[in-house]
Structure formats: C-alpha cells, structure tokens
1. Pulled fully out, how much extra length does the chain show between Q177 and E39, if you take 0.36 nm times their separation in residues and subtract their Cα-Cα distance?
2. For the full complex of protein chains and a 1.4 angstrom probe, list K90, K24, K123 by accessible area with the highest value first.
3. Put a dot 7 Å past each Cα toward the Cβ at D187 and E59; how far apart are the dots in nm?
4. Using the basic label-point model (7 angstrom from Cα toward the beta carbon), what is the E48 to N3 distance in nanometres?
5. What list of ³J(HN,Hα) couplings, whole Hz, do you get for the range 67-83 from phi and the Karplus terms 6.51, -1.76, 1.60, once you set θ to phi - 60° and write x for glycine and proline?
6. Once you have a ≥ b ≥ c as the square roots of the Cα gyration tensor eigenvalues for the range 26-65, tell me rounded if a/c is under 1.5, and otherwise prolate or oblate according to whether a/b is larger than b/c.
7. Can you tell me the accessible area per residue over the range 1-91, all protein chains present, probe 1.4 angstrom, in square angstrom?
8. Using the Cα gyration tensor of the range 1-130, with a ≥ b ≥ c the square roots of its eigenvalues, what is the shape: rounded (a/c below 1.5), prolate (a/b larger than b/c) or oblate (neither)?
Amino acid sequence: MTNIENLHNSFKQFGTLALKYRQKGIGILPEINRLRVYEKKGYGSIYEYAAKLAGISREQVQRVLQLERKFEDKPALKNALIEGEISVNKLARIASVATVENQNLWADQIKTLSQKTVETLVKDYKNGANSKAKNENQNGLFKPDYKDDSVRAHRNLKENKINIKVIQTLSLENKRQLILLAEKGIDINKLIEEMLET
C-alpha cells in the first residue's frame, strides 16, 4: 500500500472516531447540565463549558437539551441521543413526527441513513399525514409518496418493501450493509431469495 493510501486511510479512521466521540460527548451534556458539572469545574455556563472543552457551539448545546426534554416520553430516541448512536441533527429532523408509538421505527430507520435521506423521509411522512394517507403498509414500514425519484436509496427501499420485523432481528452492521446495497441499486429481495435457495 502506498504512503498516500496509508495517510488517507488513517485520516478517514481518525475522522470516524472523532465523529463518534463527539456524538457521545454531546449526548452526555444533559446530564452534565442537570448535575451542574460546569459550575463545579469553574465555568459560567453549560455553553462555555461545552465550547471550551469540546468546541461545541451554543446552538448544538441548546438543541441537545431541547431534544432530551422532547424525548422524555420516547426512551428509544432519548437513549439514542444520550448514547450518541444517532446525530443530534438527524434526531432534530424527526422530533416533529416522532411519537411514543413510532419512536422505535424512527430510531431504527435513521441510524444508517444520511442526513438528506432523513430530511426526505420526514418531509414525505408529513405530506402523507397531511393528506390523511395511510403511512404504513401491512408490514409496518413507512410508505411515503416519494416525489424525488433521484433518491435511489428511498426508491429501492420502497420497491423492495423490506419487512421491518426481519430488519429488527438483524445486527446493526447487517442493517448498514443492506442499506448500502440498496443505495447501490441492488435488489435486496432478489439477493435474499438467492441466499435462501443456496
């Protein structure tokens, strides 16, 4: 492997780790605020504490504190926030459509989706709800009306009608792999059928 490839791979790995730990740090801010850790360590506010120690903006701190309150009755989403499993930005996008009933579905679906894909899902979900269209098919999947067929991942997930009950039994890594395959235009149903035949 060339020096360029080594440098690139190292940088990519460090970037992934930095993002992971930043999300985990952001996730514990509500507890730091509740226990007033920042005061005990000599900082004037949670905002100053977060900015000086981790470079987290005032806006991000406010967002995470608001989300923690908003998800008080939604443990699946609250845990995802606190554990840093899902970015604050993605969680903020679904906050207006998440309910006690659909929280697990949202938490499961958005973990591996891009920010743009989450925005599209929420928009389509809202459009479907506003038109009083049925938003779930018999398997419990969201069934939004996609206006932008250029979003290949959405189209494939819609066309393939992946059964959410099966998905919930998969490991997080297997879910990520299936979504990556769907984003590449691979027919997941056909792939699974071939595997079952083998």
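1. Here the answer is 45.3 nm.
2. Details: K90 30, K24 80, K123 120 Å².
Descending accessible area places them as K123, K24, K90.
3. For E59 paired with D187, the spin-label model returns 4.4 nm.
4. Rounded to a tenth, the inter-label distance reads 4.6 nm.
5. Per residue, the Karplus-derived 3J(HN,Hα) values read 5, 4, 5, 5, 8, 3, 9, 10, x, 4, 7, 4, 5, 4, 5, 5, 7 Hz.
6. Details: a/c = 1.91, a/b = 1.22, b/c = 1.56.
Oblate, because a/c is 1.5 or more while a/b does not exceed b/c.
7. Accessible area per residue: 64 Å².
8. Oblate shape, in that a/c is at least 1.5 and b/c is the bigger or equal ratio.
The values are calculated or read from the model by the stated rules, or taken from the named source; none is laboratory data. Treat the numbers as computed from the prediction; the structure is a model and nothing was measured. Don't worry about glycine lacking a Cβ; one is built from the backbone with ideal geometry, like all the others, and counts go over all protein chains shown. For accessibility, only protein heavy atoms count, side chains too; no ligands or nucleic acids. Shrake-Rupley method; radii C 1.70, N 1.55, O 1.52, S 1.80 Å.
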